[in-house]
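Working notes, structure below.
The values are calculated or read from the model by the stated rules, or taken from the named source; none is laboratory data. The structure displayed is predicted, hence computed values, not measured ones. No Cβ is skipped: glycine too gets one built from the backbone with ideal geometry, and neighbour counts run over all protein chains shown.
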Amino acid sequence: MSERGERVRLVRVSVYYYLAILISIVLLKQFAPAGASLDPSIAVILLIYLLVFPIVFIYTYRYALHIFLFMLAFISGIYGFWYDSIEPHSLLNAIYFTFKLYLLDMTEVFTNDGASPTQYPLIIEISRWSAAAYTISTVFIAMYRTLEMRILLLQAQVFGKHYIIFGLNEKSFSLVEDLRAKKERVVVIDEMMTPEEKQRLEEMKVVVMLAPIHEGNIFSKVAAKKATSILLFHEKDRDSLYVLMELEQYTRRVTNNIKKVVIHLENYRYRRELTAFIKNIEHFSFPVVTINVYEAMATEFWKDHASLLQTTENPHLLMVGYGELGEQLSLKAKQMAENKNLAITVLEDRETEIVQDNITFIPFREEATDLQTVIEATDMAYTHIFICLEEDYVDLMEGIELSEIFPTIPIYMNFTDEMIEQTLHIAHTETARTLYSMGTKRAVLTQTFLEI
């Protein structure tokens, strides 16, 4: 959530809080036993506590109610047992008696014979009911959280219209976040994940299933036939292809409502062969779409920046770093500039200079070589620079440095972190006009983009 959105939420919750407190005070005065009143000292203490409590909202919403009830019972209990008991008690006794309230046990110190009085002091009534509410709500919440995943899975099994994602990694997690932001039901299946990953997903109300891809009844467990879409994002292409074929065998035995199956493949040959297989040989029981996040990013970039190639005479692209994104950017650029005299030079970690598929590869080691020296040594006139290094901050720093050396050349950088991209947008440098973002993976890993 943005900083502005968080402030608006804080104000809204605080207003609701003060309104609830005002209503509670009115009801307390209305229904309190006749003659019951609060000592002025504790009344002032409680008033200060109620007024300043919204500070807690700055740090947590999830546990705010628990903190409120616990502290209200603690403050009022200590005061009540210390001042309102028949016999004088020490502060330690008052604290002990107060803690017993959380166990739903009252220490009878308000009558001479230790019997339960017909009416407790008002401050004790506030304390014991607050303590009881804290304890009971804690028990119920603990029970719910224990069964929460089963309840969410049951909802998916009964009502369907959920999204099933096989394989948890950086790419699929971005998609999970987007789907949950849109309040969609999501089930994530993977063979193994870290406790931290599992906790993050469960905090987002995502059903987590730890199961091997060879488990025969996994599709039945997650009600795959009722799913809106199924997305295959395994790290290994072979695993995704295996699950795809197993899913086809499963859906042939049942009636399914699957809108689309999206399979992410890193290997270009796999993507090409699967597309040809679907088109010419086998039609699945559901629509199948193959994607590659880097290919999608490159396609979207050139769709938005086609004029870079169309309006530039003899375009010469410099790729600092290559990798999968650089490869896809080069491939798409060559496809779009068929009638142009396009040149591409790539600086990457290799031993010797080679020319392959009309792309010149020049040795460049990021840690040991000065980028400016390498570029100047090539003695070529570049029209556009693309930085595709592995670290976001390195991309940004190299981009800023190059923008000062080549102030008229547009420089495009690849970021995985949206925060770094925002840093670029708010950066104020004399050459900021030449620095641009190529976009992030998150932009193509959304419900809208994938049309699921």
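Mind counting the residues in the range 137-154 that are over 30 Å from residue 99 (Cα atoms) and either loosely packed, with under 15 Cβ neighbours inside 10 Å or touching a residue at least 60 places away in the same chain (Cβ under 8 Å) (or both)?
The qualifying residues number 4.
Have a look at 147, 175, 179 and point out the one that is within 19 Å of residue 205 (Cβ to Cβ) and modelled with pLDDT under 90.
The unique qualifying residue is 147.
Touching a Pro at 6+ places or on another chain (Cβ under 9 Å) and assigned by TED's automatic domain parsing to the domain that holds residue 377: is that true of residue 351 in this structure?
It is true that residue 351 is touching a Pro at 6+ places or on another chain (Cβ under 9 Å) and assigned by TED's automatic domain parsing to the domain that holds residue 377.
Only helices (runs of 4 or more DSSP H) wholly contained in the range 284-402 count here; list those with 3 or more residues that are under 30 Å from residue 442 (Cβ atoms).
In the range 284-402, 293-304, 307-310, 323-336 are the helices (runs of 4 or more DSSP H) which contain 3 or more residues that are under 30 Å from residue 442 (Cβ atoms).
Looking at (1) touching a residue at least 60 places away in the same chain (Cβ under 8 Å); (2) more than 30 Å from residue 261 (Cβ to Cβ); (3) buried (at least 16 other Cβ atoms within 10 Å of the Cβ), which one does residue 162 not meet, given that it meets all the others?
(2) is the only condition that residue 162 fails.
Output the residues belonging to the range 246-265 that are in a loop (DSSP other than H, G, I, E, B) and more than 23 Å from the chain's Cα centre (by Cα).
Hits for the range 246-265 are 252, 253, 254, 255, 256, 257, 258, 259.
Inspect the range 337-356 for any residue being of a type outside the set (Val, Ile, Thr), buried (at least 17 other Cβ atoms within 10 Å of the Cβ) and farther than 20 Å from residue 299 by Cα and give the result as yes or no.
Yes: one or more hits.
How many residues, within the range 1-51, are in a helix (DSSP H, G or I), of a type outside the set (Lys, Arg) and under 30 Å from residue 177 (Cβ atoms)?
11
Which pairs do you get when a residue that is farther than 17 Å from residue 294 by Cα, found in the range 254-281, comes within reach of a residue that is modelled with pLDDT of 85 or more and surrounded by fewer than 12 Cβ atoms within 10 Å (Cβ to Cβ), reach meaning Cβ atoms under 8 angstrom, with the pair 6+ apart or on two chains?
Hits for this filter: 260/451.
Assuming residue 243 fulfils every condition listed in (1) part of a helix (DSSP H, G or I); (2) in contact with a Pro (Cβ under 9 Å, 6 or more places away or on another chain) apart from one, which condition is it?
Going through (1) part of a helix (DSSP H, G or I); (2) in contact with a Pro (Cβ under 9 Å, 6 or more places away or on another chain) one by one, residue 243 breaks only (2).
Pairs, please: C-beta under 6 Å, at least 6 apart or cross-chain, first residue within 14 Å of residue 120 (Cβ to Cβ) and in the range 78-101, second in a helix (DSSP H, G or I) and among the basic types (Lys, Arg)?
Close Cβ pairs satisfying both conditions: 101/128.
Take the residues of the range 271-293 that are of a type in the set (Phe, Trp, Tyr) and touching a strand residue (DSSP E or B) at 6+ places or on another chain (Cβ under 8 Å): which is modelled with the lowest pLDDT?
Among those residues, the one meeting the criterion is 284.
Considering (1) within 30 Å of residue 8 (Cα to Cα); (2) of a type outside the set (Lys, Arg); (3) assigned to a helix (DSSP H, G or I), say which one residue 98 fails and leave the rest.
(1)
May I ask you to list the residues in the range 262-311 that are over 20 Å from residue 450 (Cβ atoms) and surrounded by 16 or more Cβ atoms within 10 Å (Cβ to Cβ)?
305, 308, 309
Determine whether residue 134 is hydroxyl-bearing (Ser, Thr, Tyr), surrounded by 15 or more Cβ atoms within 10 Å (Cβ to Cβ) and touching a strand residue (DSSP E or B) at 6+ places or on another chain (Cβ under 9 Å).
Judged against the criteria, residue 134 is not a match.
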